[in-house]
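**Student:** I have a structure here, written as structure tokens, and I will follow up with some questions on it.
The values are calculated or read from the model by the stated rules, or taken from the named source; none is laboratory data. As the structure is a prediction and not an experimental result, all values here were calculated from the model. Positions of Cβ are generated from backbone atoms using ideal geometry, with glycine treated the same way; all protein chains shown enter the neighbour counts. Please note that ligands, DNA and RNA were not included when accessible areas were found on the heavy atoms of the full protein model with its side chains. Shrake-Rupley method; radii C 1.70, N 1.55, O 1.52, S 1.80 Å.
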Amino acid sequence: MKNLTNLFKATILTSVLALSATAAQADTHYQRTASTITTSDNVQLYYKDWGPKDGEVVTFSHGWPLSSDSWESQMQFLADKGYRVIAHDRRGHGRSSQPWEGNDMDHYADDLAAVLDALKLDKVTLVGFSTGGGEVARYIGRHGTKRVNKVALVSAVTPLMVKTDTNPNGIEKALFDGIRKASNDNRSQLYLDIASGPFYSFNREGAKVSQGLIQSFWRQGMMGGAKNTYDSIAAFSATDFRPDLAKIDVPTLVIHGDDDQVVPIEVSGEVSAKLIKGAKFIIYKGAPHGLADTHKDRLNQDLLSFLQEK
């Protein structure tokens, strides 16, 4: 009888431990290390988590074909001001996995959600640059704003870049087809051409060209996967974010340069600011697409002021 009782107790204990393990697994269904998060579809995302862990949280979503390194000036500045700043390399970019499938805005948005979930983040300010602005918008479209405090869209691709019947002022699809062809022909040269030309407006007369910025852009781009960065061209150019922008119901800052040759202000920033209720719109006179580098001091201050607004 005693042996039977002990067996019964052991069985119950085993069941309880199994249930506890299952519950714990369900609560932490993302594998996480100090610098990686593995998503539910087994994509490993590299991320940075800087600043005081009890600070107000700001996340940064980067542009194509770059990585989280492109945000280092803003992240260091805000971390020094007491903010907890987090940025991940988008799937297929930087140090993250290079999956063959899933290189689209829905997956990008869900990956951002995975970062917020895995790190248990709330009351977050989401900052997105270029393609990252689309990622932020699609995140809100798919996941809402329950974890979001504020939004900042910087040189963002929203609301829709390509020309369509409902977007007659957009850019002809042939231009993006050309980028795709150049990516397949020689993407290393493509990245050098973009960085040394329109991205920073180094093609303008009298421009002060920085070889360091050109090399940094090229390095970040070449760290990404060839298939991933190719697929991403469609993601940033042909995704319609208008329904997503309509769901933004938190304070929003839109920043765009009026000399943006990559994502022209008249098809992006100006329209986004009108579609987002109550959005604050700041135009950087003469600023190029890559203003996070060329105008980093001003952008740092504008982001800080926005974060401090009550």
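**Student:** Give the calculated FRET efficiency between D185 and V209 to the nearest 0.05, with a Förster radius of 25 Å applied to their Cβ-Cβ distance.
**Tutor:** Using R0 = 25 Å, I get an efficiency of 0.55.
**Student:** With only alpha-carbon atoms in the gyration tensor, what are the semi-axes of the equivalent ellipsoid for region 111-199, in Å, largest first?
**Tutor:** The equivalent ellipsoid of region 111-199 has semi-axes of 30, 17, 12 Å.
**Student:** Could you tell me, in Å, what Rg and Dmax come out for the Cα atoms of region 48-124?
**Tutor:** When restricted to the Cα atoms of region 48-124, Rg and Dmax are 12.7, 39 Å.
**Student:** Whose amide H sits under 5 Å from the amide H of G55, counting only residues 5 or more places off or on another chain, with H placed in the peptide plane?
**Tutor:** For G55, whose amide H was placed from the backbone, the distant partners under 5 Å are R84.
**Student:** Further question on the same structure: On a 24 Å Cα-Cα criterion, which of the cross-link pairs K120/K150; K53/K280; K150/K296; K173/K227; K81/K150 come out too long?
**Tutor:** Beyond 24 Å between Cα atoms: K53/K280.
**Student:** Ignoring ligands, DNA and RNA, please state the percent of accessible area on region 100-173 from carbon and sulfur, probe 1.4 Å.
**Tutor:** So the carbon and sulfur contribution to the accessible surface is 47 percent.
**Student:** Can you give me the long-range amide H partners of G170? Hydrogens built in the peptide plane at 1.01 Å from N, cutoff under 5 Å, separation of 5 or more residues or another chain.
**Tutor:** For G170, whose amide H was placed from the backbone, the distant partners under 5 Å are T164.
**Student:** Moving to a separate point now. Against the longest principal axis of the chain, how steep is helix 211-223, in degrees 0 to 90 to the nearest 10, with axes from Cα atoms?
**Tutor:** Here the helix axis deviates by roughly 40 degrees.
**Student:** Taking H placed 1.01 Å from N in the peptide plane, check which residues at least 5 places from A152 or on another chain put their amide H under 5 Å from its amide H.
**Tutor:** Excluding prolines and chain starts, which carry no amide H, the hits are L126, V127, G128, L253.
**Student:** Moving on to the next point. Alpha carbon centre of region 259-284 versus region 158-236: separation in Å?
**Tutor:** So the separation of the two Cα centres works out to 19 Å.
**Student:** I'd like to compare 286-295, 29-38: which one has the highest average count of other Cβ atoms within 10 Å, and what's the full order after that?
**Tutor:** My ranking of the peptides, most packed first, is 286-295, 29-38.
**Student:** Could you size up the charge dipole of the chain around its Cα centre, putting +1 on the beta carbon of Lys and Arg and -1 on that of Asp and Glu, and report it in debye to the nearest 20?
**Tutor:** In debye, rounded to 20, the chain gives about 840.
**Student:** So with the 1.4 Å probe, I'd like the accessible area per residue for the chain, rounded to whole Å².
**Tutor:** Roughly 46 Å² per residue, with all protein chains present.
**Student:** What FRET efficiency comes out for the pair R32/I283, r = Cβ-Cβ distance, R0 = 35 Å, nearest 0.05?
**Tutor:** 0.30
**Student:** Assigning unit charges at the beta carbon (Lys, Arg +1; Asp, Glu -1) and nothing else, what dipole magnitude in debye, to the nearest 20, does region 37-97 show about its Cα centre?
**Tutor:** 80 debye
**Student:** Another question about this same structure. So which GluC sites (Glu not before Pro) in region 126-220 end up in coil per DSSP with only 15 or fewer other C-beta atoms within 10 Å?
**Tutor:** In loop regions of region 126-220 (DSSP not H, G, I, E or B), the sparsely surrounded GluC sites (Glu not before Pro) are E172, E205.
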